[in-house]
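Input: a single structure, listed below in C-alpha cells.
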Amino acid sequence: MITTLEVVDQMANYNTHFFIRKEKTDKVRNLAPLYLRISCKKKVEISLGKAVNPSKWSSKKQCLVGNTDEAKAINAFLKTVEVRFHEIHRQILDKGEPISADILKARYLGKGEAQRTVLQTFDYHLGQIMAKLGKGYGKATFKKYGYLRNHFSLYIQKTTGVDDLFLNKVDLYLIKDFQTYLMTDRQTRNKAGKIIINKGCDFNAALKYIKMFRTIINIAISFRWIAQDPFTGFKEKFQDVDQECLHEKELRQLMDKPLVVERLATIRDIFVFCCFTGCSYSDVEKLTKENIAVGIDGKRMLVFKRTKTNTECKVPLLPVSEFILEKYNSSPQCLYSERLLPVCSNQKYNAYLKEIAAICGINASLTTHVARRTFATVGYELGIPAETIILIIGHRSFRHLHLYNKPGQTKLSKDMEAFIKDWGPNYRGVLPKPAINHAS
C-alpha cells in the first residue's frame, strides 16, 4: 500500500540527464550541441546553448573528459545548471506549488517570473552614472561602460543570435569566452556599410573590460536579480607591462630640438608642460586662469581637481612651465576658449606626438600619459620624495606609484654610490685565494 507521504515524494522527485545530439554535429567545427533532459512525470529537453567535441564527451559521466580549460569551463557550467535546478525545485517545494518537468523547464528559462537581462542591467548602471556626472562619475566612465555594453551586445548577437541575454544565462564559460572575443580581431560594418577590421584588445585592456562587466554582475547580485555569482572561480590577473616614459636625457633631447612646423612646436610645448606639472590630457585641456594661485611662499602654482578621481592637486609652477604659459598668454585660441594652453583633440594630440618622436629620434611611443609618467620618473631620479610626487599627480595612495616611477641608469648609479664608497677601490679587505683546479 502506497502512503500519502510516498505519493508526495514521488511527485516531488525529478532527474536530470546531460547529453549531446550527434546528429546535429557541425561538420565544419566538429561540435555537437549540448542538451539537458528533465524527467518529472514526463520528459522534456532543453538546449543549453553550448557545443562540444563529440569525441571528448563521456555519455556515462555526463561531462567532458580531460583537464583542458574548455573541459573545466564546460563541466563547471553543467554543475551550475544542476545547482540552478536544485534551487528552482526547492523554491517550488517551499511554496507548495505543483512540480512537473514543464514547470521546471519554464522556470529555468525564465518564463512565468520576471527576469532581468544583461543589457537592462547595463542601462540601469549607465543611467546611474549619467545622473551622477560630476558627483563621483566622469564622462569617461560613462563612455567606457557604453563601449562595453556595445561589445557585449555584438558578442551575444554573434554567438547566440539573440539581441539580449537573461542574467541567469551568464556563467564562467561565457565570461571567459567574452574575454577571448574582446582580444580577437573581428569584422564589422560601419554606418556606410563598409566592412572594417576592429583590432582586438591586448590582455590587460580586455581584462579591464571584464572587471567592469563584473561590476554589472555585482549590481544584479545586490538586487537579487540572480542568485549565483558567475565570476566564482575567475582568477585572471593583470600582466606586468613596461610603462613607457622619458628620462632626463630624452626629455632634454625633446626640448632642445628645433621644430619649424608650428602645430608640432605647440604640441611639444604642451607635452613638456605636462612633463613638468604631472597633468594628464583631461587635466591640461581644462586649465584656466582661475586654476592659478599663489602659495604661502609667494610663488605661483596650479590648483585643480583631477578629472579622473576628483582629487585636488597643487602643483608649483617651475620656470619652464611659466615660460610656456607666458608664450601662449596672447594666443587667439586661448583667448577665445579662455584656457591656459591651446590644446587640440586627444586623437590629434597623440598623432602629432608620434611625428615629434620621429623627428627628435626618440624611440618611445609618445602619448599624453607618457608625460605624466615622465614627471614622476624624472622627479624620482632627482630625489623628490614619493609623498610629494603623489600629492602633485593626485594619487590617493602609493599603490600604483610603481607604474610611474621608472628609475633609469642615473638613479641606479647614484643609489649604488653607497656601495662604491665603502667597497670600491679603497677597500683593503683580504679575499680568499681561488681554489686551484688541477683537473686537466
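The values are calculated or read from the model by the stated rules, or taken from the named source; none is laboratory data. Note that the coordinates shown come from a computational prediction; the quantities given were computed from them, not determined experimentally. Because the Cβ atoms are built from the backbone with ideal geometry, glycine has one as well, and the counts that use them run over all protein chains shown.
Here is a yes/no grid of residues against (1) touching a Phe, Trp or Tyr at 6+ places or on another chain (Cβ under 8 Å); (2) buried (at least 20 other Cβ atoms within 10 Å of the Cβ); (3) modelled with pLDDT of 90 or more:
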site	(1), (2), (3)
E244	no, no, no
E248	no, no, no
A265	no, no, yes
T277	yes, yes, no
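If you go through the range 297-333 and keep only what is of a type outside the set (K, R), modelled with pLDDT of 85 or more and assigned to a loop (DSSP other than H, G, I, E, B), you end up with G298, L317, L318, Y328, N329, S330, S331. Taken over the range 310-347, the residue count meeting the criterion of being under 13 Å from C274 (Cβ atoms) and out of contact with any helix residue (DSSP H, G or I) (no Cβ under 8 Å at 6 or more places or on another chain) is 0. Restricting I103, I175, I129 to residues that are part of a helix (DSSP H, G or I), touching a Phe, Trp or Tyr at 6+ places or on another chain (Cβ under 7 Å) and over 30 Å from D69 (Cβ atoms) narrows the list to I129.
Exactly one residue out of V378, V294 is farther than 15 Å from I270 by Cβ and in contact with a strand residue (DSSP E or B) (Cβ under 7 Å, 6 or more places away or on another chain): that is V294. Can you confirm whether F152 is within 23 Å of Y173 (Cα to Cα), crowded, with 17+ Cβ neighbours inside 10 Å and in the same structural domain as L165 (by TED's automatic domain parsing)? Considered against the rule, which asks whether it is within 23 Å of Y173 (Cα to Cα), crowded, with 17+ Cβ neighbours inside 10 Å and in the same structural domain as L165 (by TED's automatic domain parsing), F152 comes out as yes. With respect to R29, is the statement that it is basic (K, R) and modelled with pLDDT of 90 or more true? It is false that R29 is basic (K, R) and modelled with pLDDT of 90 or more.
Condition check ((1) assigned to a helix (DSSP H, G or I); (2) of a type in the set (S, T, N, Q); (3) on the phi < 0 side of the Ramachandran plot) across all residues:
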site	(1), (2), (3)
L340	no, no, yes
Q347	yes, yes, yes
N350	yes, yes, yes
L353	yes, no, yes
A357	yes, no, yes
I362	no, no, yes
A371	yes, no, yes
T377	yes, yes, yes
I384	no, no, yes
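Take the conditions (1) exposed (fewer than 14 other Cβ atoms within 10 Å of the Cβ); (2) farther than 17 Å from T121 by Cβ; (3) in contact (Cβ under 8 Å) with a residue 12 or more places away in the chain; K176 misses just one of them, which is (1).
Taken as a whole, the structure leaves Q239 outside the set of residues that are over 18 Å from V343 (Cα atoms), among the polar types (S, T, N, Q) and not in a loop (DSSP other than H, G, I, E, B).
Of note, T141 does not satisfy the criterion of being assigned to a loop (DSSP other than H, G, I, E, B) and without any contact (Cβ under 8 Å) to a residue 60 or more places away in the chain. Hey, can you tell me all the residues within the range 175-225 that are in contact with a His (Cβ under 9 Å, 6 or more places away or on another chain) and of a type in the set (A, V, I, L, M)? Passing the criteria: L182, I216, I219.
Table: residues versus (1) in a strand (DSSP E or B); (2) hydrophobic (A, V, I, L, M, F, W, C); (3) over 23 Å from I156 (Cβ atoms).
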{"residue": "V44", "(1), (2), (3)": "yes, yes, yes"}
{"residue": "G66", "(1), (2), (3)": "no, no, yes"}
{"residue": "E70", "(1), (2), (3)": "no, no, no"}
{"residue": "I74", "(1), (2), (3)": "no, yes, no"}
{"residue": "V81", "(1), (2), (3)": "no, yes, no"}
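Quick check: anything in the range 116-127 under 20 Å from Q228 (Cβ atoms) and touching a strand residue (DSSP E or B) at 6+ places or on another chain (Cβ under 6 Å)? Among the residues of the range 116-127, at least one is under 20 Å from Q228 (Cβ atoms) and touching a strand residue (DSSP E or B) at 6+ places or on another chain (Cβ under 6 Å), which makes the answer yes. Selection of the range 58-100 for residues being of a type in the set (S, T, N, Q) and within 30 Å of L31 (Cα to Cα) yields S58, S59, Q62, N67, T68, N75, T80. The residues of the range 45-68 that are free of Cβ contacts under 8 Å to residues at least 24 places away in the same chain and within 35 Å of the chain's Cα centre (by Cα), listed by number, are S47, N53, K56, L64, V65, G66, N67, T68.
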